[in-house]
Amino acid sequence: MKTQPIAPTSIPGIRVGHAHDEEALTGCTVILCEQGAIGGVDQRGGAPGTRETDALHPVHLVEVVHAVLLAGGSAFGLEAASGVVRYLEGRGVGFDTGVAKVPIVPAAILFDLNIGNPKVRPDAQMGYQACLNASTAEPAQGNVGAGMGATVGKILGIKQAMKGGLGWAGMDIGGGVLVSAIVAVNAFGDIIDPKNGQILAGARSLQQGPLKIGKGEVFADTLEVMKSLAGRTVLSFASRGHTVIGCVITNARLSKEQVTKVAQMAQDGIARTVRPAHTMLDGDTLFALATGDKKADVNIVGAFAAEVVAQAIVEAIRRAKPLAGLPSASP
């Protein structure tokens with residue numbers, strides 16, 4: 001019997017919505033948890049772009065998150081979170097200060113200004129629209145939302161890159177505990193199939209007259225390029241606009257400290273599928289949300305969080321389609 005996939009929206013209280021511009025090639029994705037969820041975050045990349053991550057620190061006051069936003073547009077895209085805040089405020093959702101309810105909306109962005117129209121970025125209206133589009137249906141994957149302008153494998157520049165995207169995965173880990181992840185993949189490095197170690201998408205070999213940069217017929221293999229003189233030269237000029245951003249969601253009952261640990265352990269999923277991962281050129285950031293009351297061991301939840309993040313990254317690449325002259329893993 002075929003089992004139903006565990007989408008982020010399979011978890012009670014979660015809705016997901018996308019909004020994007022198909023001409024400007026940018027967009028955003030919102031994970032709504034209006035009833036509140038215990039939130040945590042872990043940042044491993046050297047070039048993150050985020051909002052409200054300090055509030056998620058285990059020693060800080062606020063425990064409950066009302067939405068997480070993933071967006072393109074580089075730092076400009078953080079404006080989209082204001083639209084999410086406006087949407088939630090209109091529904092009476094937020095941290096009760098006694099005089100107003102303030103929605104807590106952490107956000108992370110990726111750099112996609114080099115593929116579409118750099119003058120068009122996710123803004124408050126797009127963030128609001130993503131909320132209007134949010135539902136409990138299985139979220140679309142590939143060239144959608146925050147993954148619309150995502151690319152991967154950029155050591156040789158954007159022209160030798162391939163299309164990234166947005167993907168999700170999840171599983172039932174027993175005892176009624178669900179763990180799911182939704183990830184936008186815009187990595188500097190290559191994307192690896194963890195089952196066989198083969199490159200799924202990444203930097204493509206570059207032929208410059210008699211000089212060829214890259215190991216394979218199709219893929220340059222970023223690690224091999226980095227070992228070469230040409231690779232070290234190119235790396236010194238490489239842009240800083242790369243990242244993998246995402247959110248792990250579980251219906252387990254976890255404390256703020258525990259959900260932060262889940263976010264940390266989930267980063268292993270990036271390390272298993274992105275080569276290299278967590279560089280100074282990436283802004284790798286993963287949020288984690290615990291929405292439920294299912295008793296669970298944090299070690300088990302964290303271990304499977306890494307698994308679903310890895311699977312979501314592979315799904316993002318397999319669901320992506322060619323765009324803006326860049327090929328994808330799937331035709």
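The values are calculated or read from the model by the stated rules, or taken from the named source; none is laboratory data. Note that the structure is a prediction, hence the values are computed from the model and not measured. So basically every Cβ, Gly included, is an ideal-geometry build from the backbone, and we count neighbours across all protein chains shown.
Figure legend. Inter-residue proximity from segment 270-286: first residues basic (Lys, Arg), second residues crowded, with 21+ Cβ neighbours inside 10 Å and part of a helix (DSSP H, G or I), beta-carbon distance below 6 Å, spacing 6+ or different chains. Indicated pairs: 272/310.
Consider residue 197 against the criteria (1) buried (at least 24 other Cβ atoms within 10 Å of the Cβ); (2) without any contact (Cβ under 8 Å) to a residue 40 or more places away in the chain: it satisfies all of them except one. Which criterion is unmet? Result: residue 197 fails condition (1) only.
Taking segment 19-66 as the range and being among the aliphatic types (A, V, I, L, M), within 15 Å of the chain's Cα centre (by Cα) and farther than 23 Å from residue 125 by Cα as the test, the residues that pass are 41, 47.
For segment 5-14, state whether one or more residues are of a type outside the set (D, E, K, R), outside any loop (DSSP other than H, G, I, E, B) and touching a His at 6+ places or on another chain (Cβ under 9 Å). Within segment 5-14 (the criterion being of a type outside the set (D, E, K, R), outside any loop (DSSP other than H, G, I, E, B) and touching a His at 6+ places or on another chain (Cβ under 9 Å)), the answer is no, since none of the residues qualifies. You will find that of 144, 177, the residue that is modelled with pLDDT of 95 or more, over 25 Å from residue 85 (Cα atoms) and touching a Lys or Arg at 6+ places or on another chain (Cβ under 9 Å) is 177 and no other. Condition check: crowded, with 22+ Cβ neighbours inside 10 Å and more than 19 Å from the chain's Cα centre (by Cα). Does residue 115 satisfy that? No. Take residue 159 and tell me if it is over 19 Å from the mean Cα position of the chain (by Cα) and closer than 27 Å to residue 82 by Cβ. So residue 159 fails the test.
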